[in-house]
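Participant: I'd like to ask some things about the structure below.
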Amino acid sequence: MLDDFLIRAALAGVGVAIAAAPLGCFVVWRRMAYFGEATAHAAILGVALSLALSMSIFAGTLFAALVMALLITGLTQRSYAMDTLLGVVAHSSLAVGLVAVSLMEGVRVDLMGYLFGDILAVSRGDLAVIWLGAAAVCALVLWRWSALLTATLNPDLATASGIDPRREQLIFTLALAVTVAVAIKVVGVLLIVALLIIPAAAARPFSRTPEVMAAIAMLIGISAALGGLRLSYLYDTPTGPTIVCMLAGAFLVANLRALFQTANRA
Amino acid sequence: MSLITATGLTVKVGDVTALTGVNFAIRPGEIVTIVGPNGSGKSTLLRALIGAVKPAKGMVERKPGLRIGYVPQKLAIDATLPLTVRRFLNLPHRRAASDIDTALREADVAGLADRQMSALSGGQFQRVLLARALMDRPELLILDEATQGLDQPGSAAFYQKIADLRDSLNCAVLMVSHELHVVMSASDRVICLNGHVCCEGAPDIVASAPEYRALFGTGTGGALALYRHEHTHSHDHTHDHGHNHDHEAAE
């Protein structure tokens, strides 16, 4: 069954969607979309690192994403707003990474594959890495769910309940880095954040509790991964961007419904 | 035996020294209010007492196993986070439905369990925060500017509620406020803070202390007296309060 590249691609997409949805809810609730962006862009530096040291892309991107996430967590806002700093870091690391990869001698790399994903080229090995990573992220988020949620509401409230908000932040950061590293193959560094935040944002109008929102986000993510794969196969479009187009469509529909409801109530 | 004792507490926030050499203790059942101008380190002191910031010097000792109920200054719940009152009260640990109903009733917001947090009014929100703080049957209730955004009758009712809860739950209360006239008359002890402890003692003593007058002027003395009068008046026939004592002395 795993011999079929389409099956492998579908499994890869579903695995990443499952890991990204609950984590993406926290990215949205904590208003950390730009933080996620900076972490994801740093992964291209990791690709350069992997090629230079001829180690696995997964290890390199995980390392780079983790270092970047920890670095910007520790950034204190002095003379620039956090927003500006993240913008500087995100785009600089992307640019430096691209330059570094192109300077690598004797290596022919498909840069587009890293930028926008190459889900149809997922190997059995990639699949194992994706599912192990996704399982780890899910286990981590599930284990820390209540503590993370409390720390997201208010760090002092968490401290008074015996939760260390810095520790929860660290766990969140770690989960984010792993997600980035496993999602590269599927959607590429430029579109990873879309996979995190769009399912969560699309699930919001249908949800009354955080758990329901995460579950609906997961369903939306999985459907978009499978639907996008199918459409890209039928119309010969790039798969990663097609998946994100599906997500954008889901977001639009979800909010049209909300708009319609508001209009009805008025 | 004090619930929390801080000795020689010095706390830095970034490069700024927010508190210098603060000594503090609170006994079981006591209501202590910290007053001080903006930036005087009131919230920092609370955060140091609950362990959210590490002191640069000095130490904080909490009674082992101390149950703290904490009501934060503000809780900005992002609009993207769907949260019912019930789910909020179940954080971070799941609770029995009966405990949730009890806490909501104690905070005078019974029946709100299935409402979205974002749909609550300012006063309801504050009381739901209070209900959450009561879930653990706290020995010490800590409130950081808990009445921000409430109008004056609203805050007066809120503080009356706190005083009643102290009597029924027998917990100590530590609160921070800049609404001097509303909050001080319900306190056993007032601490006037401005980076260090300027003066402390019974409300009357603090209100007439030169250090306090230097910070807040003499104008608040009148408002304090005015509030006291209303307070005594409105509760004479409903409660048999230990406070009456205090008021007689003041008037």
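The values are calculated or read from the model by the stated rules, or taken from the named source; none is laboratory data. All of these numbers come straight from a predicted model, not from anything done at the bench. Reconstructed Cβ throughout: ideal geometry from the backbone, glycine too, with neighbour counts over all protein chains shown. For accessibility, only protein heavy atoms count, side chains too; no ligands or nucleic acids. Shrake-Rupley method; radii C 1.70, N 1.55, O 1.52, S 1.80 Å.
Participant: Given a cut-off of under 8 Å on Cα pairs at least six residues apart, what relative contact order in percent is computed for chain A?
Facilitator: 30 percent
Participant: What distance in nm separates the simple spin-label points at residue B:119 and residue B:79, each placed 7 Å from Cα in the Cβ direction?
Facilitator: 1.7 nm
Participant: Hey, if we sort A:56, B:177 by accessible area with the 1.4 Å probe, largest down, what's the order?
Facilitator: A:56, B:177
Participant: Compactness ratio of the protein assembly as shown: Cα Rg over 2.2 N^0.38 Å, N = residue count?
Facilitator: Numbers: Rg = 27.5 Å, N = 517, 2.2 N^0.38 = 23.6 Å.
Here the answer is 1.17, to two decimals.
Participant: Determine the sum of side-chain charges near residue B:87: Lys and Arg each +1, Asp and Glu each -1, restricted to other residues whose C-beta is under 12 angstrom from that of residue B:87. Working shown, then result.
Facilitator: Numbers: positive: A:208, B:86, B:94, B:95, B:115, B:132; negative: A:211, B:114.
Its environment carries a net charge of +4.
Participant: Let me ask another. Determine the gain in length on full extension of the stretch residue A:52-residue A:3; use 0.36 nm per residue of separation and subtract their C-alpha separation, reporting nm with one decimal.
Facilitator: Numbers: separation 49, 0.36 × 49 = 17.64 nm, distance 3.08 nm.
Going from the current span to full extension adds 14.6 nm.
Participant: Separate question: For the stretch B:1-143, I need the span (max minus min coordinate) of the C-alpha atoms along each principal axis, in Å, sorted largest to smallest.
Facilitator: 46, 34, 25
Participant: Rounded to the nearest 500, what is chain A's calculated 222 nm mean residue ellipticity when only DSSP H runs of at least 4 contribute -39500 (n - 2.57) each, over all residues?
Facilitator: One gets -27500 deg cm²/dmol as the mean residue ellipticity at 222 nm.
Participant: Students often forget the sequence filter, so: which lysines lie under 26 Å Cα-Cα from residue B:54 once same-chain residues fewer than 8 apart are removed?
Facilitator: Cα-Cα hits under 26 Å: B:12, B:42, B:63, B:74.
Participant: Then there is this: Round to the nearest 0.05 the FRET efficiency obtained for residue A:95 and residue B:110 when R0 = 41 Å and r is the Cβ-Cβ distance. Write down the numbers at each step before the final one.
Facilitator: Values: r = 58 Å, r/R0 = 1.41.
My answer for the efficiency is 0.10.
Participant: Let me ask something else about it. How big, on average over all directions, is the shadow cast by the Cα convex hull of the stretch A:51-169, in nm²? List each step's numbers first, then the result.
Facilitator: Values: hull surface 40.1 nm².
One quarter of the hull surface, i.e. the mean projection, equals 10.0 nm².
Participant: Still on this structure, I have one more. Using only the Cα atoms, what convex hull volume per residue in Å³ does chain A have?
Facilitator: 146 Å³
Participant: Pop out the ³J(HN,Hα) list for the stretch A:15-28 in order, Karplus 6.51 cos²θ - 1.76 cosθ + 1.60 with θ = phi - 60°, rounded to Hz; leave Gly and Pro as x.
Facilitator: Rounded to whole hertz, the list is x, 5, 4, 5, 6, 6, 4, x, 5, x, 4, 5, 4, 5.
Participant: Residue A:128 to residue B:38: FRET efficiency via 1/(1 + (r/R0)^6), r the Cβ-Cβ distance, R0 51 Å, to the nearest 0.05?
Facilitator: Given R0 = 51 Å and the Cβ-Cβ separation, E is 0.35.
Participant: In chain A, carbon and sulfur make up what percent of the accessible area (probe 1.4 Å)?
Facilitator: 69 percent
Participant: Averaged over A:208-215, how many beta carbons belonging to a partner chain fall within 10 Å of each residue's beta carbon?
Facilitator: That works out to 4 on average.
Participant: Can you list the residues of the stretch B:78-110 whose accessible area drops by at least 10 Å² going from the chain on its own to the full set of protein chains, with a 1.4 Å probe?
Facilitator: Listed by number, the residues meeting the 10 Å² cut-off are B:78, B:79, B:80, B:81, B:82, B:83, B:84, B:87, B:88, B:91, B:92.
Participant: Using a Förster distance of 56 angstrom, determine the FRET efficiency expected from the C-beta separation of residue A:143 and residue B:205, and round it to 0.05. Mind showing how you got there, number by number?
Facilitator: Values: r = 52 Å, r/R0 = 0.93.
Computed FRET efficiency for residue A:143 and residue B:205: 0.60.
Participant: Another one. For peptide A:143-155, how many partner chain Cβ atoms fall within 10 Å of a residue's Cβ, on average?
Facilitator: Mean shielding count: 4.
Participant: Now for a different question. Taking K and R as +1 and D and E as -1, what net charge do the other residues with C-beta under 15 Å from the C-beta of residue B:129 add up to?
Facilitator: Its environment carries a net charge of +1.
Participant: Please list B:66, B:130 from largest to smallest accessible area, probe radius 1.4 Å, with all protein chains kept in place.
Facilitator: Largest accessible area first, the residues go B:66, B:130.
Participant: Would you mind pulling out the separation of the Cα centroids of the stretch B:1-49 and the stretch B:64-139, in Å?
Facilitator: Taking the Cα centre of the stretch B:64-139 as reference, the centre of the stretch B:1-49 is 25 Å away.
Participant: Could you tell me the accessible area of residue A:83 in Å² (1.4 Å probe, neighbours in place), rounded to the nearest ten?
Facilitator: We get 100 Å² for residue A:83.
Participant: Right, something else. Which residue, A:170, A:23, A:45, tops the fluctuation ranking in a GNM of chain A built on C-alpha contacts under 10 Å?
Facilitator: A:170
Participant: Count the net charge of all other residues whose Cβ sits under 14 Å from the Cβ of residue A:124, scoring Lys and Arg as +1 and Asp and Glu as -1. Please list the in-between numbers first.
Facilitator: Numbers: positive: A:8, A:185; negative: A:3, A:4, A:126.
Local charge sum for residue A:124: -1.
Participant: How many percent of the alpha carbon pairs in the stretch A:112-152 exceed a separation of 12 Å?
Facilitator: Everything past 12 Å amounts to 69 percent.
Participant: Still on this structure, I have one more. Please report Rg (one decimal) and Dmax (integer) in Å for the Cα set of the stretch A:206-266.
Facilitator: 14.1, 44
Participant: Taking 0.36 nm per residue of separation and subtracting the Cα-Cα distance, what length does fully extending residue A:102 through residue A:236 add?
Facilitator: Separation in residues times 0.36 nm, less the Cα-Cα distance, equals 45.5 nm.
Participant: Would you kindly state how much longer the chain becomes between residue A:31 and residue A:164 on full extension, computed as 0.36 nm times their sequence separation minus their alpha carbon distance, in nm to one decimal?
Facilitator: Full-extension gain reported as 45.9 nm.
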